[in-house]
Each structure stands twice: as structure tokens, then as C-alpha cells.
Amino acid sequence: MIDRKILLRGSALAVLAALNTPAEALQKPQTMEEMWKIIEAQQKQIDEMKTLMADATKKQESPAPQGNVKTLERKTDILSQEVEKLRTNLVIPEEPKYKSAYGLGPAASKVYQVGKGLSIGGYGEAIYQANVGEKGDNKDNADLERMVLYAGYKFTDRILFNSELEFEHATTGEGDEEKGEVSVEFAALDFFLHKMANVRAGLVLMPMGFINQIHEPPFFFGNHRPEVEQRIIPSTWREVGLGLFGQLTDDLAYTAYAVNGLDASGFSSDGIREGRGGGSQAKAENFGFVGRFDYTPKAVPGVMVGGSAYFGKSGQNQTFAGQHPDVFTQLYEGHLQWKYRGFEFRTLGSWGHVGDADLLSLDSRLNQTPENAQIIGAESFGWYAEAGYDVLPWLFKDTTQYLAPFVRYERLDTIAKAPNGFPDDPTKDWQIYQAGIQYKPIPNVVIKADYRNRVAKQGPLSDDFNLGFGFIF
């Protein structure tokens, strides 16, 4: 009997020693599997302690002094509460931190933070635009430009689905795209295999420039996306494809996809934008390839420098001016971003080349009325630079609000080089001078105002004043 007492007392004291670490010290598990292992281990410990106390009570034996028994009961209760918190975490995740992951916007990245199951997010933006000066056919307008829902589902720690559903201009306008449309901006499965190589398949955002992947309104200056990243790099550009993404080193990330090719029948004097497939019965007689690298040196915090390239045939086995050209299309861009305290700077340059642009232009001349005929640029280019500074920390110490004046300059030409036998079109050669201000009462909400002085080398092009707001959730 004495030996049993000693054994019981020793076991109880050992458990008490194991519980001397405060409950708050329980580390938050990093994966679902780790969470379940912790729960199972702690539950087993609780069951052993309860059995120990029950045996002692039944045999009228004390496994430890009365004070230790009460302490054991108290710590058992605390441990039980901590286990219940862990169980709750399986269902109710913590409030997500809004940060970009794997090349997507902060709101679009919420699914990567959940333990398991469904993730919902989104963003919206509305703009009032007043045209100034040489208006032409432009009219002042007020537009709920976008309302977007993100829906993601994390099946396991290694497999998840993410998607973006976009409603443009507040209505579908009975099928009129100019009035509005509903589109799937991306919808892809991610398979996490290794830090250096993970797989993404589905309708993917092309990893080019700043805006095409991260286009949520609190994270770019101005009410309108830069024209260079709409006309030279066509946003939002997405295609059906398959590829890899990952970190080659802690400083160097990459993305590479094989996708359905562009459709040259959609090319125009305004660039390659309307050649996007968008996952809507996209032509896939030809394929394209895109790759991107981003370098974020730890030695220079806040700096990101990178580039991307797209190339592929765009003829899609179609007839242009009686021939079946390949229409080999290339697009390249380089970018630099620097964020230092309240200062933000971005610059980007892009150059494109369209093969067989002469045949495309001749086909348009033969099949369109003179006023509708398109000259397809054999080459295009565009670049911009912008800078802004958050002034509020100078006025209010430790404020979480944000107020940043900014400036931007853009230069672009969708017909930087006309095809042989066709004249240049100087109305496509633009310069844009822009200044504005952005205010964020909270990080999720932005109010914007800006003025753009737009100048074409030839022909009228109005200035505009823009006032709007945007949000993410």
C-alpha cells in the first residue's frame, strides 16, 4: 500500500511539474495536423489526471497534500479551457492580416491564412469623372466601376481553391459589355509541394506588371489604373493555364505558366487588349508562355525589383488577308518598387512586338469601312513613374490613418512602330501628367481625388478630374 501511495504521489507531482508552464505558453500550431496532435496530447493528459484523482478519492488516499490536489484541479480546468480554445480555432480563425501572398492582392490572399474551409473576401470601387477641356464625345459620369467577391476553399494544407467574381458598372445592361458584365477574373487550384515549386492550374492572372495581379483600390494611386497597365499590359489579363510558382531563395520569387494564346483577331490600333481569351471559350490552337521574377533584397528593406515576359503565337489557325500567319507576339516589362516609411515609389516600363502586323492591318483594311479599319502596331511601348508620401505621421504621432499626396507621369504609344506600308497614328501617342491625394481612415478603406492632364501627339484628348472611394474586406 505504501508503494502505491508513493507511486500515486510521484505521478501527481510529475503532472504538476509538467503543468508549471503557464497555459498562455501553449504555442499556436502552424498546421491543422499540429493542432490535432496538441489537442490529443493535452486531452490524454487531462484524462490521466482525472483518473489519478478518482483513484485516490476511491481508495481514500491522497496522492499529494490537499493544497496540491486543489492546484491540480485548477490547472486541469485551465488546461481544459486551452484545449477548447484550440478546438474553436478549427472553426473560427483569427481575424486575417491583410497582406499579399503568392502574387495576389491582400484581400484575395485571405484563403492562405485560414486553417481549413471557406474564405470570403472582396473589394469595390466607385468613381465620379468630370471631363475637362476638349471633351469630344466624353461625358461626365458616375460609375460603380467594380464590385468583387473572392471565394476560396482550403481543402488541406496542400490543396486550396481561390477565385474572383467581378461585377462591372453595377449591371449587365442586358448583355451590353459597355454597360456592364459579370466575369470570373480568376479561378485556380493551388497544390503546395515544396517552397521552391508549387503548382497552379485554372484561370490564372498573368503575372505581369504591378496592377494585373494586385489591383485592389487601396493599393494603387489614383482612381484609374495606370493607362500603361491597361493598354500596353492589358489588365485584367487572365488565361486558362498551368504552371509553377515558388521561392528560389528567401529573396527571389518566381511564377511561370503555359496558357492558351492570344487571339490576333481582337488586336486593334489600341493594342492587344481585346485579344485576351479570358477563359470564355478561348481559342487554343496556339499557346503562350509567361514568366516573372521578383527580387526583394533583405539588405535593402522595402525594395522590390523584377521583370516578366510573355511570348506565343496569336494566329490561332485563322485567315488574315488570305493567309494563315503565326502572329508571334511578345511583351516584356521591368518594374521597381521602393517603400520607405511613409514614402512610396514605383516605376515600370513595357515593350511589345506583334509579328505579321502588316497582314493584320491589311485584313482590317479589306474587311472594314475606312473609318473602322485598324492599323495594328508592329511595336508598342509605355512607361510610368509615380511617387507618394504619407504626411499624417508628421502631424499625428502613432496614427493608423493615412494621407498621401502623389504624382504620376505616363508615356505610351500603342503604335510605336507602324507595319510596313501603313502610316503611323499619332493619336495613339500619349503623355499623362497626374496629381492627387489618397486618404485612408482605416487600412481597408480609401478615398481618392486626382486630376489628369492627358495630351495626345495629335488630336483632342480631354483632361479629367476624378473623385472616388474603394474598400477591401
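Please name all residue pairs, on different chains or six or more residues apart, with Cβ atoms under 8 Å, provided the first residue is in segment 395-420 and is touching a residue at least 60 places away in the same chain (Cβ under 8 Å) and the second residue is basic (Lys, Arg) and not in a strand (DSSP E or B).
Filtered contacts from segment 395-420: 412/231; 414/231; 414/428; 415/428.
Do we have any residue at all in segment 182-200 that's within 24 Å of residue 350 (Cβ to Cβ), among the β-branched types (Val, Ile, Thr) and touching a residue at least 40 places away in the same chain (Cβ under 8 Å)?
So far as segment 182-200 goes, no, none of its residues is within 24 Å of residue 350 (Cβ to Cβ), among the β-branched types (Val, Ile, Thr) and touching a residue at least 40 places away in the same chain (Cβ under 8 Å).
Can you report the number of residues in segment 385-439 which are part of a strand (DSSP E or B), basic (Lys, Arg) and open to solvent by 30 Å² or more (accessible area, probe 1.4 Å)?
Adding up the residues that qualify gives 2.
Could you tell me which residue of segment 326-379 is nearest to residue 228 (Cα to Cα), considering only residues that are open to solvent by less than 20 Å² (accessible area, probe 1.4 Å) and polar (S, T, N, Q)?
Filtering segment 326-379 for residues that are open to solvent by less than 20 Å² (accessible area, probe 1.4 Å) and polar (S, T, N, Q), the one nearest to residue 228 (Cα to Cα) comes out as 350.
Being in a helix (DSSP H, G or I) and at pLDDT 95 or above, is that true of even one residue in segment 449-466?
no
Go through 95, 84, 134 for me and flag whichever is at pLDDT 65 or above and among the acidic types (Asp, Glu).
Exactly one residue qualifies, and that residue is 134.
Assuming residue 297 fulfils every condition listed in (1) of a type outside the set (S, T, N, Q); (2) part of a helix (DSSP H, G or I); (3) open to solvent by less than 60 Å² (accessible area, probe 1.4 Å) apart from one, which condition is it?
Tallying (1) of a type outside the set (S, T, N, Q); (2) part of a helix (DSSP H, G or I); (3) open to solvent by less than 60 Å² (accessible area, probe 1.4 Å), residue 297 fails exactly one: (2).
Any residue in segment 209-222 that is open to solvent by less than 10 Å² (accessible area, probe 1.4 Å) sitting within a Cβ distance under 6 Å of a residue that is in a loop (DSSP other than H, G, I, E, B) and β-branched (Val, Ile, Thr)? List the pairs, counting only those 6 or more apart or interchain.
Partner pairs satisfying both residue conditions: 209/233.
Please find, within segment 124-175, the residue that is surrounded by the most Cβ atoms within 10 Å (Cβ to Cβ) out of those that are in contact with a Ser or Thr (Cβ under 6 Å, 6 or more places away or on another chain) and small (Gly, Ala, Ser).
Result: 152.
Filter segment 223-235 down to residues that are part of a helix (DSSP H, G or I) and in contact (Cβ under 8 Å) with a residue 60 or more places away in the chain and give me whichever is surrounded by the most Cβ atoms within 10 Å (Cβ to Cβ).
Restricting to residues being part of a helix (DSSP H, G or I) and in contact (Cβ under 8 Å) with a residue 60 or more places away in the chain, the top hit is 232.
The values are calculated or read from the model by the stated rules, or taken from the named source; none is laboratory data. Since we're looking at a predicted model, the values are computed, not measured. Positions of Cβ are generated from backbone atoms using ideal geometry, with glycine treated the same way; all protein chains shown enter the neighbour counts. Heavy atoms of the whole protein, side chains included, go into the accessibility calculation; ligands, DNA and RNA do not. Shrake-Rupley method; radii C 1.70, N 1.55, O 1.52, S 1.80 Å.
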